[in-house]
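Reading through the structure tokens given below for one structure.
The values are calculated or read from the model by the stated rules, or taken from the named source; none is laboratory data. Model, not experiment: these values are computed from the prediction. In this analysis, Cβ positions are derived from the backbone assuming ideal geometry, glycine residues included, and neighbour counts consider all displayed protein chains.
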Amino acid sequence: MQYVYKAKKILPHSFSFWLLAVLALLLTIEGCYELFLMPPAADDAAPPSQSQVATLQAPRMPLGAGVPTSLNMGMPGAPTSITSLQAPRTAASVKHFTLTAQPARLALGAHATTPAWTFNGTAPGPTLRVRQGDLVIVNLVNHLSFGVTIHWHGVSVPNSADGVAGVTQDAVKPGQTYTYRFIAKDAGMYWYHSHQFSYEETTDGLYGMLVVDPAKPTIHADVDYSVALHEWSTDNQTTLVMNTSAGTLNVAAHPGQWVRLRIVNTTSTASGMPQLVTLLGTRFKVVSLDGHDLYSPDWLDETPLPIATAQRYDLLFQMPTHGAVSLLTSSDNQHYQTTPAAVIGQGVKPATLPAVDQRWFDFNSYGRPTKDTITVQSHFDAAYGIVLGNQMGSSLGRMGMTYTLNGKVFPDTGMIMLKEGQLVKLHFDNKSDLYHPMHLHGHVFTVLAHNGRPLTGSPVHLDTITVPPHESYDVAFYANNPGIWMLHCHNFLHANWGMDMMVMYDVSTPYTVGTASGNFPD
Ligand code: C2O
Ligand code: CU
């Protein structure tokens, strides 16, 4: 199979124009990188409203050569504007929420506290629970001193509700409000986070979980609990937490009860490695990945589950007659650590922690095959190859390690142009020594093959595929949700230093990325 990268040939004119403009600017002020002189953008001039956040610096755009002034990611003159791509105004069932972006100081267990930006005063923000088919209406209120948005990670929202600053909306300014409206089409575990300067804003607390219950229950569980793994950096040290605790999180469950434990990794670990987690005290199944159920999942026993940034695992298990079940993490991939941990049920915890089994969970051969809409045999209307790499270079006028798609950094990475109804294949080829959890907005994709070999177990449907160093994945999806959608690495550092591109239909947008608007998605 030959992969042809078509994006460069069909750049929209406005995009090429801005590329040239940026290039020209680079040539005229070459060498004058204002790397160490980054005055705050006008947008961020207001001081933090509470002294307790003094140690968190408001995110801001670098001002070096190469920072775009006003980059329009749409197709100018296209018949459809993303502003028209909206959810219906009413539905049989409507769920309303208000999320207020506000500063807070969080206690991370007994010893450490950290300043944070939060939704409603906590990180994670409130876990939103809705039913499949609900119309979800979320009011975002911004009480921070800089712009924010909310992106509904993994949810196939209409494009105007995607929350990407400079693409689907302007960042919501201090004191302003914004309303998101979408139908919760697919059941499962999702999460939300700011997509304005998400490297800083999500890392420093602007995230939460979203659970969509199926219209008709599929898997029985007596206890349903969600855990966000997040790493905080406090005074030269990192602290991993489960929800709000760096210690032990206690979850009530009785012997014999069935427990569904949903886990999301909302952080990029300093090492860039996926976080390893496992369950101790009972056997378990991985019933869903990224919110999508697996077919006929097998029992697992202390199997380490690698979970990279933005990925979700739903685990199902039955409480043993005696003793507790523990969710554990490893910091070195060799040993499990005592904290943070979630302890489900009561009774004796295991006295010694086992070494980490070197055979990690592998979804490529998990569960059983069954009929699926998209398979390796499907006819694909378009195929794109994307090489993942990294190299020293410049991104937004900053010199340093850049993370590349086909050797380019955003915004030079080009675009993938789709037509509604196409079946599209993407081939991710990781030529770097790093893990890259690649995320596509607005669509769910089917994983076809790993290193060229088709999956042998259950069909797997994801929104984030972690491509290990020097490995490849083929995925495919239906172009069934018109708009302009980001495709990027979800390691926040990688995305901030270049690893983003746009997947787009013939759609225009009134919004722009760059210094003029102050919008910058990553
Ligand atoms: Cu979780 Cu582009 O986002
Ligand atoms: Cu990456």
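If residue 289 satisfies all but one of (1) within 16 Å of ligand 1 (Cβ to nearest atom); (2) farther than 20 Å from residue 473 by Cβ, what's the number of the condition it fails?
Checking residue 289 against (1) within 16 Å of ligand 1 (Cβ to nearest atom); (2) farther than 20 Å from residue 473 by Cβ, the one that fails is (2).
What's the total number of residues in the range 60-85 that are at pLDDT 90 or above and surrounded by 14 or more Cβ atoms within 10 Å (Cβ to Cβ)?
Looking only at that region, the number is 13.
Considering only residues that are under 23 Å from the mean Cα position of the chain (by Cα) and away from ligand 1 (no atom under 16 Å from the Cβ), look in the range 392-405 and name the one that is nearest to residue 430 (Cα to Cα).
404
Scanning for something in contact with a Lys or Arg (Cβ under 8 Å, 6 or more places away or on another chain), exposed (fewer than 15 other Cβ atoms within 10 Å of the Cβ) and modelled with pLDDT of 95 or more, does the range 98-107 turn up at least one residue?
no
How many residues are in a strand (DSSP E or B), surrounded by 22 or more Cβ atoms within 10 Å (Cβ to Cβ) and within 16 Å of ligand 2 (Cβ to nearest atom) when one looks only at the range 288-312?
Total satisfying the criteria: 1.
One line per residue, one yes/no per condition, for (1) under 17 Å from the mean Cα position of the chain (by Cα); (2) surrounded by fewer than 24 Cβ atoms within 10 Å (Cβ to Cβ); (3) away from ligand 1 (no atom under 16 Å from the Cβ); (4) of a type in the set (Lys, Arg):
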residue: 154; (1), (2), (3), (4): yes, no, no, no
residue: 164; (1), (2), (3), (4): yes, no, no, no
residue: 171; (1), (2), (3), (4): no, no, no, no
residue: 175; (1), (2), (3), (4): no, yes, yes, no
residue: 178; (1), (2), (3), (4): no, yes, yes, no
residue: 184; (1), (2), (3), (4): no, no, yes, no
residue: 188; (1), (2), (3), (4): yes, no, no, no
residue: 195; (1), (2), (3), (4): yes, no, no, no
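Does residue 503 fit the bill of being away from ligand 1 (no atom under 12 Å from the Cβ) and on the phi < 0 side of the Ramachandran plot?
No; evaluated as a whole, the condition is false for this residue.
Being more than 11 Å from ligand 1 (Cβ to nearest atom) and in contact with a strand residue (DSSP E or B) (Cβ under 8 Å, 6 or more places away or on another chain) is the filter here; which residues of the range 476-490 pass it?
476, 477, 478, 479, 482, 483, 484
Can you give me the ranges of the strands (runs of 3 or more DSSP E) entirely in the range 430-512 with at least 2 residues that are within 16 Å of ligand 2 (Cβ to nearest atom), surrounded by 20 or more Cβ atoms within 10 Å (Cβ to Cβ) and among the β-branched types (Val, Ile, Thr)?
464-467
If a residue must be assigned to a strand (DSSP E or B) and more than 20 Å from residue 341 (Cβ to Cβ), how many such residues does the range 271-287 contain?
Matching residues across the range 271-287 total 2.
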